[in-house]
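What follows is calculated from the coordinates using simple rules that are stated; it is not laboratory data. This structure is a prediction, so every number in the text was calculated from the model and none was measured. Every residue, glycine among them, receives a Cβ derived from its backbone with ideal geometry; neighbour counts consider all protein chains shown.
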Amino acid sequence: MTGVEFVSVIIPCRNEAGFIRGCVDSVLANDYPKDKLEVLVVDGMSDDGTRVIVEDYAASQWCVRLIDNPARITPVGLNKGIGAAKGSVIMRLDAHAKISSDYISECVKSLKTFSADNVGGNMKTRPRGPGLVASAIVCTLSHPFGVGNSHFRISSAEPKWVDTVFGGCYKREVFEKIGYFNEKLVRSQDIEFNLRLKQIGGRTLLLPHIVTWYYARSDMLGFAKNNFRNGVWAILPFAYSDVIPVSWRHLAPGAFIVSLIGTGTLGIFVAPLLWSWVVILGTYLAASLIAGLQIGWRYRDYRYVVVMPLVFGMLHFGYGFGSVFGLIRTAVSAEFWRKGLSAVRCNKVDDV
């Protein structure tokens, strides 16, 4: 990488009329040279006015382009954007996020300075709406008890080599080495991609002094549904990837639920296992309460002590049951494909 690199910012979206302006504005407000920047909004055929908003940007800003994504899923949109991108540096950004004004320049500089393959910043989670529950959801997604060692979510104090980042800025040759995003992964495609990158010796750097602001769901039902879907897609990628497609922390909620189901069921017949169930659940509830006390003390509002265990539970139990569902679905699919393969082999023999 030499000189001032041309940067392509790819924003896959669908029905993001409430957020796309803030996202695109934050990119255009960056201090990076505008003649070395393009913004590719890859739209999944939105019907809420998103396309009109992006078309207005494209008409007034030469660097903004609208690309159609009839498949309407994120990895296909990302790959369409990469295929159309002119940049030697390619950045992925979600539509319901914003970036700090120095984000692009610092990422590009650090790609060179640290010989990194992918660079991103700390994520500051913000609520999409008002209220205690919305604030509690943000706390859950920013606390180690909620998201484990997800460094970009809980913030890092200094530059750190990590498995994945949000708002990743990649050298273009990364895609030439390991291919594009896995289009079979409706979710978790960025995690799987970065783990493929790590497998070949590629390095992902987290920079603490640059920031993305991510707007999380603020209602409990939407939060629960999203957690369940994320849990499902913590498991399904195993059927579609040649690497371990997620980090171990993504498997922890599923293991927790399996341990509860297993000890609770067997405990009906074997008393000591019932005590194991009590210990597992009791330890979780105690840890949840302690985390709620920490958050209540931080904000000097002890309503959090009551609501945080509930919200933590919505995250972990929703994600965990989603993972169990994903495991069952993957097992059924594997059996289906095994039978299908056997049938194909039989047909080939018959044809001969």
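Points to keep in mind about this one:
- Under 19 Å from K80, Cα to Cα: lysines that are on another chain or at least 8 residues apart: K171, K177, K184
- Peptides 98-104, 189-195 ordered by average Cβ neighbours within 10 Å, highest first: 189-195, 98-104
- Nearby lysines by direct alpha-carbon distance to K124 (threshold 24 angstrom, same-chain neighbours under 8 apart not counted): K98, K109, K160, K225
- For the chain, DSSP calls about 30 percent of its internal beta bridges antiparallel.
- Per-peptide average of other Cβ atoms within 10 Å, ordering 164-170, 272-278, 108-114 highest first: 164-170, 108-114, 272-278
- Exposure proxy shown here: for L281, L185, the number of other Cβ atoms within 10 Å sets the order, fewest to most, as L281, L185.
- Segment 98-154, Cα convex hull volume normalised per residue, Å³: 82 Å³
- Descending principal axes extents, segment 231-320, alpha-carbon based, whole Å: 47, 38, 15
- Entry for segment 7-218 at q = 0.08, 0.12, 0.18 Å⁻¹: log10 I(q)/I(0) = -0.25, -0.59, -1.41, Debye formula applied to identical alpha-carbon scatterers, no solvent contribution.
- Ranking I90, N118, N69 by Cα position along the charge dipole of segment 54-137, where only Lys, Arg, Asp and Glu carry charges on their C-beta atoms, puts N118 farthest toward the positive end.
- Hits among aspartates and glutamates - C-alpha to C-alpha of K198 under 15 Å, sequence gap 8 or more where chains match: D117, D163, E173, E176, D190, D242
- Across segment 1-63 the C-alpha pair distances fall into 10 Å bins from zero in the proportions 21, 53, 21, 6, 0 percent.
- Each Lys or Arg adds one and each Asp or Glu takes one away; over the other residues whose Cβ falls under 14 Å from the Cβ of G201, this sums to +2.
- Charged-residue dipole, Cβ positions (Lys, Arg, Asp, Glu), segment 7-218 about Cα centre, Debye nearest 20: 400 debye
- Shown for E158, E106: other C-beta atoms within 10 Å of each C-beta, ranked fewest to most, produce the order E158, E106.
- Sequence of S241, S105, S333 once ranked by neighbouring C-beta atoms within 10 Å, starting from the fewest: S333, S105, S241
- Per-residue HN-Hα couplings for segment 23-33 [Karplus 6.51, -1.76, 1.60; θ = phi - 60°; Hz; x = Gly/Pro]: 5, 5, 4, 5, 6, 5, 7, 5, 7, 6, x
- Each other residue within a Cβ distance under 10 Å of T50 adds +1 if Lys or Arg and -1 if Asp or Glu, for a net charge of -2.
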